[in-house]
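All remarks here apply to the structure that follows.
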């Protein structure tokens with residue numbers, strides 16, 4: 001798993017190992033909240049322990065104190081676009 005490039009979703013609804021484009025706006029920080037655009041291609045390769053509803057996904061942000069702080073203060077609302085190869089045979 002790679003920090004900022006791994007997504008966790010409910011695997012009964014979303015395909016494991018799929019390529020997904022995340023289009024979102026983040027809201028980071030406690031008192032001094034910053035809104036930032038968040039557009040990135042990720043891999044849906046984790047199930048995540050906090051996934052409790054179908055409309056939820058978690059972004060793995062890495063290890064260490066900085067990643068833990070980001071994970072605790074980041075909230076993202078947006079869209080997930082799964083990328084699939086189409087077979088037109």
Counting just the residues of the range 42-66 that are within 23 Å of residue 84 (Cα to Cα) and surrounded by fewer than 16 Cβ atoms within 10 Å (Cβ to Cβ), which one comes out nearest to the chain's Cα centre (by Cα)?
-> 56
Long-range neighbours under 6 Å by Cβ, at least six apart or interchain, first residue over 9 Å from residue 7 (Cβ atoms) within the range 38-52, second at pLDDT 90 or above = 39/23; 40/22; 41/21
Within the range 14-41, considering residues that are modelled with pLDDT under 85 and assigned to a loop (DSSP other than H, G, I, E, B), the one surrounded by the fewest Cβ atoms within 10 Å (Cβ to Cβ) = 31
Note down all Cβ pairs under 8 Å where the first residue falls in the range 65-87 and is modelled with pLDDT under 85, the second is assigned to a loop (DSSP other than H, G, I, E, B) and loosely packed, with under 10 Cβ neighbours inside 10 Å, and they're at least six residues apart or on different chains.
-> 73/30
Return only the number of the condition from (1) modelled with pLDDT under 80; (2) in contact with a strand residue (DSSP E or B) (Cβ under 6 Å, 6 or more places away or on another chain) that residue 44 does not satisfy.
-> (1)
Which members of the range 45-89 meet the condition of being over 16 Å from residue 22 (Cβ atoms) and part of a helix (DSSP H, G or I)?
-> 65, 66, 67, 68, 69, 72, 73
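The values are calculated or read from the model by the stated rules, or taken from the named source; none is laboratory data. Since the model is a prediction, treat every value here as computed from it, not as a measurement. Backbone-built Cβ (ideal geometry, glycine too); neighbour counts: all protein chains shown.
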